1. Do you know the relative contact order of the chain, to the nearest whole percent, from alpha carbon pairs under 8 angstrom that are 6+ apart?
2. Rounded to whole Hz and in sequence order, give me ³J(HN,Hα) for region 299-309 from the Karplus expression 6.51 cos²θ - 1.76 cosθ + 1.60, θ = phi - 60°, writing x for Gly and Pro.
3. Could you calculate the contour length gain from residue 157 to residue 285, that is, 0.36 nm times the residue separation minus the distance between their Cα atoms, to one decimal place in nm?
4. When the label point is put 7 Å from the Cα of residue 48 along its Cα-to-beta-carbon vector, which residues of region 144-178 have a backbone N closer than 14 Å?
5. Could the peptides 150-163, 50-63 be put in order, highest first, of the mean number of other beta-carbon atoms found within 10 Å of their residues?
6. For the pairs 172/217; 17/217; 139/273; 208/285; 208/434; 217/269, flag any whose C-alpha to C-alpha distance is greater than 29 Å.
7. Using helices alone, I'd like the mean residue ellipticity at 222 nm for the chain: each DSSP H run of four-plus residues gives -39500 (n - 2.57), total over residue count, nearest 500.
8. At 0.36 nm per residue, and after removing the present C-alpha to C-alpha distance, how many nm does the segment from residue 40 to residue 99 gain when stretched out fully?
Amino acid sequence: MDFASIAEVDAAVAAAKAAFPGWRATSLSRRTEVMFRVRNIVEAHRRELAAFLTAEHGKVPSDALGEIARGIENLEFATGIPNLIKGGFSEQVSTGIDVYQIRQPLGVVAGITPFNFPAMVPMWMFANAIACGNTFILKPSEKDPSASLYLAELLKEAGVPDGVFNVIQGDKVAVDRILDHPDIAAVSFVGSTPIARYIYETGTRNGKRVQALGGAKNHMIVLPDADIDMAADAAVSAGYGSSGERCMAIATVVAVGAVADPLVEAIAKRLPKVRVGPGTALVTKQHRDKVASYLDSAPAQGATVVADGREHPLYRGSEGFFLGTSLIDHVTPAMDCYRDEIFGPVLTVTRVATYAEALQLVNDNPYGNGTAIFTRDGGAARQYQFDVNVGMVGINVPVPVPVAFYSFGGWKASLFGDLHMYGPEGIQFYTRAKIVTARWPDPGTSKVDLGFPRTR
């Protein structure tokens, strides 16, 4: 693939800038009509779009279709833009004076998206951005670029005007130009924490509004009263789904008290049933080998490898980059497999004696994306949601990704910026408020006689 040059990025920005005045002036009813068509056309072509995800990323068809369904939820949310973008009005705040707020688009905005969700994450961004009246530039991951190009075709078919949605295929050169370009007002990003920090610091230094979602180390607390089978099923699906290549994957199960032994046994018993094969490959050989390296460092640092994914026959195969489901027990916070975001099919188990220790473990972790607690005790669950310093919390739900009418994003090193992605906060991110204070002068002799004294 040829990556976009600085000149090509500039050409995309110029097209978006030229399209902005017309799109901004387009009525809300017209923009809503276009967004309805975008939603319906993407839905109609979801299988073709899913085929790109399966071919390039390697997702199984069901995962690919699920990703697209979650993206379509955001398109549906954006069709409500007339209600979502309206401001407020205060009448007669002083004699003859009214004050009201309007929300207006920013201009040209950009999204830089990761390899693991090449259709859904762009829809997290451009749906609200375009509905609000901005023009959008998408820089997808170079590892699986085709979905973004197909989305561009579908948006054009839906009637999105030329220049409103643009795709550039690039590497760091393109990213840096996006961050430097004076005509780009805002940047959205999803990826690793080091890059998220770089995006945020560089973009804000250049005067841009930035939301940069970083990495994660999601903990699943299992209290002694939890349903063991439910917790084990959840740990397996949330730890190994999408081969662990998702920022909301459960990375660490925190077993409290006597639940540890039966829980680890129940998880291990389920691992042979997890299929490894087409649709479960990791994105590159380099990444697969990095994930596998934790199976060496963990026992060297004192952990116990319960299941070693390198024993799977496909690990040594030449077709794809596979690693079997791996489980590491007796993990402590000092170990590499706990500290690092592994981003693969490796689940770790940390044992603690009390709820207080479990909570402290989660709150001490530098990441704060998602967490879950499994318990039958409603009071304990309610206390956990109050105490935990994490942005998204699941109660007996292992992957608490919010629906489209809430917003997605973590705390601490999992988010750089003030506003989360999509939903109501997405509307706030892609618009800015303007406050108008108005008083109309007395029209004098042209005033209509109302037949009674005027009060305003």
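1. This gives 18 percent for the chain.
2. x, 5, 9, x, 8, 10, 7, 7, 9, 10, x
3. Computed gain between residue 157 and residue 285 is 42.4 nm.
4. 147-159
5. Ranking, from highest mean packing down: 50-63, 150-163.
6. Exceeds cut-off: 17/217; 139/273; 208/285.
7. -12500 deg cm²/dmol
8. 17.4 nm
Every read-out reported here was derived from the displayed coordinates using simple, explicitly stated rules and does not represent laboratory data. From a predicted model like this one, the values you see are computed outputs, not experimental measurements. Neighbour counts run over all protein chains shown; Cβ positions are idealised from the backbone, glycine included.
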